[in-house]
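Quick notes on the structure that follows.
The values are calculated or read from the model by the stated rules, or taken from the named source; none is laboratory data. Bear in mind the structure is a predicted one, so any value in this text is a computation, not a measurement. Glycine also receives a Cβ, built like all others from the backbone with ideal geometry; neighbour counts cover every protein chain displayed. To get the accessible areas, we keep the full protein, side chains included, count just its heavy atoms, and leave off ligands, DNA and RNA. Shrake-Rupley method; radii C 1.70, N 1.55, O 1.52, S 1.80 Å.
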Amino acid sequence: GFGANAVHFAECGYNVDGIDVAPSAITLTEKKITQKPNLREKIKLKILTKDNSQRLPYSDDYFDYILSNQTIYYLKSLESITYLLDEFYRILKPSGKMIISLIGPSNTLCKDGKEVAKDVFEYVDVTKSLGGKPSKAYVFRDEEHIKNVFKKFVIDEIGSWNNVYAGRNGFHFVVLCR
């Protein structure tokens, strides 16, 4: 994303690896890091390219923690999400923990969008951050749906947050698992 979480966790003393498919997101994160040079050694950034998209560029059992915030649903299909979750499982240490956010059915992207495939909604981003072009997102219906997709993991908690303002509903599930 835009690097706020990477900077925050580095400031808290963690070593951080950030990965994104968008070079522009890496550039924005780099700008934030240059404003805080003491964090440069604590944050490593990588761009996920076609060359490394089949396997995340980390060894097995590499991470103590994984945070995936407001991203996984843009993979647009259950198959892609399941593949990424398998990769997260591979790179998470046996004692590791993961926090991940997912769109839920009351999110405006669903309410204003159109279901174009099972659990996949197409919508136009009214914020124009995507240039007003249609985009798609995978939506988790409920906790049972989450438990079924996350079956490799031990789920410690499923919670949610909901920010409603300016006529938009930002409902997300959040999953803490290991």
query = Where the convex hull is taken over the Cα atoms of the chain, what is its projected area averaged over directions, in nm²?
reply = 10.8 nm²
Probe 1.4 Å, accessible area per residue of region 41-178, Å² = 58 Å²
request  = Please report, in cubic angstrom per residue, the volume enclosed by the convex hull of the alpha-carbon atoms of region 18-58.
outcome  = 56 Å³
remark   = Expressed in nanometres to one decimal, the distance between label points 7 Å along Cα→Cβ at residue 44 and residue 163 is 3.1 nm
query = To the nearest 20 debye, what charge dipole does the chain have about its Cα centre, counting +1 at the Cβ of each Lys and Arg and -1 at the Cβ of each Asp and Glu?
reply = 380 debye
message = Suppose the chain between residue 77 and residue 112 were pulled fully straight at 0.36 nm per residue; how much longer would it get relative to their current alpha carbon spacing?
response = 10.7 nm
key: Sites residue 122 and residue 8 - FRET efficiency at Förster radius 35 Å, r taken between beta-carbons, to 0.05   = 0.60
key: Accessible area of region 1-120 belonging to carbon and sulfur atoms, whole % at 1.4 Å probe   = 54 percent
